[in-house]
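Enquirer: My questions will all concern the structure given below.
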Amino acid sequence: MSGLIVENVDKFYGTVQALKDISLTVDNGQFVCLLGPSGCGKTSLLRIVAGLEDPSAGRIVLDGADITTTPAHKRDFGMVFQSLALFPHLTVGDNIAYPLAIRGVPKDKRRAEVERLLDLVHLPGKADRAITQLSGGQRQRVAIARALIMQPKLFLLDEPMSALDAKLRETMQVEVKRLQRSLGVTSLLVTHDQREAMTTADLVVVMSEGKIQQVAPPIEIYRNPANAFVADFIGITNLIAGRIDGGRFEGPGGALTLPGAKTGNATLSIRPEDIALAPQAGADTLSGTVTFVRHLGATTEISVDTGNSDHKDLTVSLPGRTHCPLAIGDTAHLSVDPAAVVVLG
Amino acid sequence: MSGLIVENVDKFYGTVQALKDISLTVDNGQFVCLLGPSGCGKTSLLRIVAGLEDPSAGRIVLDGADITTTPAHKRDFGMVFQSLALFPHLTVGDNIAYPLAIRGVPKDKRRAEVERLLDLVHLPGKADRAITQLSGGQRQRVAIARALIMQPKLFLLDEPMSALDAKLRETMQVEVKRLQRSLGVTSLLVTHDQREAMTTADLVVVMSEGKIQQVAPPIEIYRNPANAFVADFIGITNLIAGRIDGGRFEGPGGALTLPGAKTGNATLSIRPEDIALAPQAGADTLSGTVTFVRHLGATTEISVDTGNSDHKDLTVSLPGRTHCPLAIGDTAHLSVDPAAVVVLG
Amino acid sequence: MIQSRPRTPLGYLPILLPAFALIAFYIVPFGSMVGMSFFHNLGGGAYEEVFTLENYARLISPFFLSVLGTSFEVAFLVALFAIVIGFPFTYLLVNAKRGTQVFWLIVMLSVLSLSEAIIGFAWSTLLSRTAGIGVLFEALGLTEKAQSYAPSLGAVLAGVTYIAMPYAVLLLYPILSRIEPDIEQASRTLGASPLRAFFNVIVPMHRTPIVVSFVMIFVFTLGSYLLPQILAGRPTGRSRW
Amino acid sequence: MIQSRPRTPLGYLPILLPAFALIAFYIVPFGSMVGMSFFHNLGGGAYEEVFTLENYARLISPFFLSVLGTSFEVAFLVALFAIVIGFPFTYLLVNAKRGTQVFWLIVMLSVLSLSEAIIGFAWSTLLSRTAGIGVLFEALGLTEKAQSYAPSLGAVLAGVTYIAMPYAVLLLYPILSRIEPDIEQASRTLGASPLRAFFNVIVPMHRTPIVVSFVMIFVFTLGSYLLPQILAGRPTGRSRW
């Protein structure tokens, strides 16, 4: 029984239930992402694992031992906070060495460990800097080094990248993943950014309204979402409600042949990059009016109104250098690869 | 001389020069985006146009009239602030009607105008709501309606979408663009988000360190960046420094044939989606070691270390369903379409 | 904001002790004072431990009622002046440079910390015939002969407003410091002059804090400066010196 | 933060006036008091407009120097107590529920607004033989017979600390309310018990504000409560009643 086990955890704040019977297993060495919109309970779950909050019900088990009532400072985890929570009155080195100082490690050993960690996070020689002298990305690295210096049994990250700008965030995501892989430390990251989850995680836990919606590897979540919430939250998708009868889907804008699909009402999830433009309407196309075209560089996105429910225009994504012959107001015919269609309940 | 003309504007804060000799022409009905990283001066420029700050030097001319010294409240512009700056003690209707109330428009006329604007921003019947009862996206719409009710000569937007989450932001961007197009109002939007600029703008003004780097339509900025800063800031790119000799580029990782390229030292900008995997090394490939692979769903991104300067790995973007045969540590051979390469100074 | 519960309540004990100390420190003296008010007053600060309502009975005599009425009037005017002057001042203060803010907050705290006796003395001097604004007005030719402006209702109002003003500023400061400068700028871009923006947006936006501050200053003024003087049997004025 | 300059300076005039009024209101009385200190003291609050340093000369007599020494000692101890009790209290306060925060801040402001006379009275009662903690201690069997604890140095310290404490809290509150709760939680995840986190991180993090608050309370105490009593020729104590 090695690794972290979360067993039937509930959490109430007053009468509001933030977590509803959450169970989860994280194997040793795995990188697991808790992904969901704000208010889905992901941060509460992380804080319960960290020992900063008590679960209202349920257990937290680490390597076979029940740690539900162990105080945070005796769990020997490393945690990176969203605000980073660096100590402003200490130097970079003293920040990183804080967990060692607390445990009475002698000064020269601390110094050596700090050097090792600074090398690891690509900040060699910065031990004597003040925190205020560092850039956002450098502070991030210090917070990571501080959390890792005790070689924690669990490495917890609470949206640590959310304050960085887009480019730096991507760089740090890759770096965190590389670091975790090289150290083999079991990690739990909370994020609302699906790119971050897909970049770092071995396993993504999609949460919504206090419940787990799906647990799977990133690409699996993208390709085979368990429900409409997951499909819509992970990447961009087109949800089309209609009816399947004898392997044929009838919905707004046309019909599609879906061999082997179960008869009944169904919602399809089709990714924008799995839709192509067809020269004319056919037996397997959806048709509608172009409402918006935007050239984003790497791709061109076309919005097509097929009379879908809630006025949700279909989004079609063409590779950037594909010529887009359509303008707003034109009629577009869309063809879809049946293999790329996900049929949701 | 119709439209907005910014003439040789300088702006100093103490000894710091935030704007350096900025000149810009915005034609009537055009949507112009000021795009740049934080601190590039884009917000200062917008505030000077709005009349909230004075330029240290230079003139602002609107439809032929010098308005440099006209106070903000006499310019008849509509502005949407980053914080939205809605009045918390007024209802939605009274917020939107504020510019009319200030100008002494009678109550029944105000009511009619408010109804018209609420329809325009898709919030019909919400006039009597309190601001606190609205969601983030709805507040956004109220702020836009309030700025547009006077049919302003200029519609100014200061990163109004930056507080919204990713999905809602995209929706609002499209909506703002549609609204602007249907009203034909001359607009100036400040943003640091290149997707936002590419979605909304007819013309993008890329700024950096108080200077204008490039003024061009979005797709032109993406395809033909004027310099390395623009290339790197707009979308993702690979900058490769090397030497061109007789139509052939020699750089880290290999060589590329670039017919007609000028001889001398040069930096190439190559977009990730313009790079493909080649089965083996050839006369026109760059080779290196795979350092990271991430499956993002719509695309798969591969990082390849070709010995580029500053350890900047090349990024290759493959369409999502393309099989990626490479793993970390493998050697990758990359081929590039010469037509997609931009040669920078 | 999620508050974390301490894992071991005992772990917080050493920082909880001061809280208990403070409760004893502040609640007990208050209580003893209230208790004292039911004891028989022997005069000269001596009290006999006999339950009596006589101290309160004195309050409903016609003389006290009329003095009480004046006190309410003074407290009302003081609270009004303190808010009318204090609100725009605080608004300017929160928009001023950091150094200016710190300077004025220190001045306000200093005034709060000044002995009332000293304030009363300074004001009676300022308003006196020989050494105050009387002399200044004479020198400027505004009055023919220097005259004393104290004691008078005006002098009382000035003095008590002087003491009450820092409360107004300190009460309003945290509230006003939280408004975004965008609000005023937005009303300007929408067509309001700076002055209209202030009266049309900033003031109505803060109705509630203004009313709350007004009531608090009214009560404080009444309870701290006026009633004690009355109960001590002195005229409502700062003529102690 | 970018501050916007008003376009028309005159546009702000009506809100600038209160600022000028306040300057006149606060700077002038201060100044007149300082000026007064150079005048010849006729006794009983009367002054002659003759320049003299005699009021200051009195300060360097051996008697005054010794009283001054005691005052410094008292002010130092008061500032120390106020910070040692006030800092942990304020730290708990900023982490408490909103209602609790408002309650204590109102209590603190109330104490500030209380007449010193009333506070002095309450404390002398509390420490008296007949009606205060003397009686309580006797009832609890701690002392054999109720005794008076005032006047004494301890009584002075207690009384002045009581008055100084709200300053400590009000000075530290805005600073402590700005720390993220993450800081304490981070130190806990890194292995520090809540108590160690407080003494190891929270206190050293706030060295500067602690020292500044200490100095301000020291100066205020000295300037507002101790020196006036001395200069008025009274013993250093709260025995006015």
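The values are calculated or read from the model by the stated rules, or taken from the named source; none is laboratory data. Just so you know, these numbers come straight off a predicted model, no measurement behind them. Glycine gets a Cβ as well: all are built from the backbone with ideal geometry, and neighbour counts include every protein chain shown.
Enquirer: Determine which single condition C:P204 fails, assuming it passes every other condition in (1) modelled with pLDDT of 80 or more; (2) part of a helix (DSSP H, G or I); (3) surrounded by 20 or more Cβ atoms within 10 Å (Cβ to Cβ).
Expert: If we test C:P204 against (1) modelled with pLDDT of 80 or more; (2) part of a helix (DSSP H, G or I); (3) surrounded by 20 or more Cβ atoms within 10 Å (Cβ to Cβ), just (3) comes out false.
Enquirer: Go over the candidates A:A112, A:A166 one by one and state the one that is of a type in the set (G, A, S) and closer than 30 Å to B:L164 by Cα.
Expert: Of the residues listed, the single one that is of a type in the set (G, A, S) and closer than 30 Å to B:L164 by Cα is A:A166.
Enquirer: Right, something else. State yes or no: is C:Y167 within 30 Å of B:P71 (Cβ to Cβ), under 18 Å from the mean Cα position of the chain (by Cα) and modelled with pLDDT of 60 or more?
Expert: So C:Y167 does not fit the description; no.
Enquirer: Condition (residue is part of a loop (DSSP other than H, G, I, E, B), out of contact with any strand residue (DSSP E or B) (no Cβ under 7 Å at 6 or more places or on another chain) and free of Cβ contacts under 8 Å to residues at least 24 places away in the same chain) applied to the range A:107-126: is it met by at least one residue?
Expert: yes
Enquirer: A:F87 versus (1) within 32 Å of the chain's Cα centre (by Cα); (2) not in a loop (DSSP other than H, G, I, E, B): which is the lone unmet condition?
Expert: (2)
Enquirer: It is to be established whether one or more residues within the range A:11-31 are of a type in the set (D, E), within 24 Å of the chain's Cα centre (by Cα) and more than 14 Å from chain D (Cβ to nearest Cβ). Outline the logic, then answer.
Expert: Here is the first cut: in the range A:11-31, the ones of a type in the set (D, E) are A:21, A:27.
Next, from what is left, pick out any that are within 24 Å of the chain's Cα centre (by Cα): A:21, A:27.
Filter once more, so that each one left must be more than 14 Å from chain D (Cβ to nearest Cβ): A:21, A:27.
For the range A:11-31, residues of a type in the set (D, E), within 24 Å of the chain's Cα centre (by Cα) and more than 14 Å from chain D (Cβ to nearest Cβ): present.
Enquirer: If you go through the range B:10-19 one residue at a time, do you hit one that is crowded, with 16+ Cβ neighbours inside 10 Å, of a type in the set (A, V, I, L, M, F, W, C) and closer than 28 Å to B:R181 by Cβ?
Expert: No, the conditions are met nowhere in the range B:10-19.
Enquirer: Go through the range A:138-238 and tell me which strands (runs of 3 or more DSSP E), entirely inside it, have 2 or more residues that are away from chain B (no Cβ under 11 Å) and either of a type in the set (D, E) or surrounded by 23 or more Cβ atoms within 10 Å (Cβ to Cβ) (or both).
Expert: A:155-158, A:187-191, A:203-208
Enquirer: Residues to consider are A:G41, A:G58, A:G78; find the one that is touching a Pro at 6+ places or on another chain (Cβ under 6 Å) and either within 13 Å of another protein chain (Cβ to nearest Cβ) or surrounded by 16 or more Cβ atoms within 10 Å (Cβ to Cβ) (or both).
Expert: Only one candidate qualifies: A:G78.
Enquirer: Within the range B:294-342, take every residue that is more than 10 Å from chain A (Cβ to nearest Cβ) and among the small types (G, A, S) and give me the one that is surrounded by the most Cβ atoms within 10 Å (Cβ to Cβ).
Expert: B:A332
Enquirer: Another question, if that's okay. Report every pair of residues separated by at least 6 positions or lying on different chains whose Cβ atoms are under 8 Å apart, first residue within the range B:223-241 and at pLDDT 90 or above, second among the hydroxyl-bearing types (S, T, Y) and surrounded by fewer than 19 Cβ atoms within 10 Å (Cβ to Cβ).
Expert: B:A228/B:T267; B:L239/B:T267; B:I240/B:T267; B:A241/B:T267; B:A241/B:S309
Enquirer: Could you list, in sequence order, all residues of the range B:255-293 that are of a type in the set (A, V, I, L, M, F, W, C) and away from every other protein chain (no Cβ under 14 Å)?
Expert: B:A255, B:L256, B:L258, B:A261, B:A266, B:L268, B:L277, B:A278, B:A281, B:A283, B:L286
Enquirer: Based on this model, can you work out whether A:A72 counts as touching a helix residue (DSSP H, G or I) at 6+ places or on another chain (Cβ under 9 Å) and among the hydrophobic types (A, V, I, L, M, F, W, C)? Let's see the steps before the verdict.
Expert: Working: touching a helix residue (DSSP H, G or I) at 6+ places or on another chain (Cβ under 9 Å): yes; among the hydrophobic types (A, V, I, L, M, F, W, C): yes.
Taking the combined requirement at face value, the residue satisfies it.
Enquirer: What residue, among those in the range B:267-293 that are crowded, with 19+ Cβ neighbours inside 10 Å and among the small types (G, A, S), is farthest from B:N308 (Cα to Cα)?
Expert: Once the filter is applied, the top-ranked residue is B:S269.
Enquirer: Give B:I234, B:I240, B:I275, B:I270 a once-over and let me know the one that is under 30 Å from B:R195 (Cα atoms) and in contact with a Phe, Trp or Tyr (Cβ under 7 Å, 6 or more places away or on another chain).
Expert: B:I234
Enquirer: Could you give every pair whose Cβ atoms fall below 7 Å, whose first residue belongs to the range D:188-203 and is under 15 Å from A:D94 (Cα atoms) and more than 7 Å from chain A (Cβ to nearest Cβ), and whose second residue is part of a loop (DSSP other than H, G, I, E, B) and at pLDDT 90 or above, counting only separations of at least 6 or pairs across chains?
Expert: D:N200/D:A192
Enquirer: Can you tell me which of A:L168, A:L179 is closer than 27 Å to A:D63 by Cα, modelled with pLDDT under 95 and out of contact with any strand residue (DSSP E or B) (no Cβ under 7 Å at 6 or more places or on another chain)?
Expert: A:L179
Enquirer: Give me a count of the residues in the range C:176-186 that are of a type outside the set (A, V, I, L, M, F, W, C) and facing chain B (nearest Cβ under 7 Å). Can you show your working first?
Expert: Taking the range C:176-186 first, the residues of a type outside the set (A, V, I, L, M, F, W, C) are C:177-178, C:180-182, C:184-185.
Next cut, facing chain B (nearest Cβ under 7 Å) only: C:180, C:182, C:185.
Number of matching residues: 3.
Enquirer: Considering only the range B:90-113, I want to know if a residue exists there that is in contact with a Ser or Thr (Cβ under 9 Å, 6 or more places away or on another chain), over 13 Å from C:S187 (Cβ atoms) and more than 14 Å from chain C (Cβ to nearest Cβ).
Expert: Looking through the range B:90-113, none of the residues is in contact with a Ser or Thr (Cβ under 9 Å, 6 or more places away or on another chain), over 13 Å from C:S187 (Cβ atoms) and more than 14 Å from chain C (Cβ to nearest Cβ).
Enquirer: Give A:L52, A:L100, A:L90, A:L24 a once-over and let me know the one that is crowded, with 16+ Cβ neighbours inside 10 Å and closer than 26 Å to A:P217 by Cβ.
Expert: None of the others qualify; the one that does is A:L24.
Enquirer: Can we say A:A145 is more than 26 Å from A:A112 (Cα to Cα) and in the same structural domain as A:T91 (by TED's automatic domain parsing)?
Expert: no
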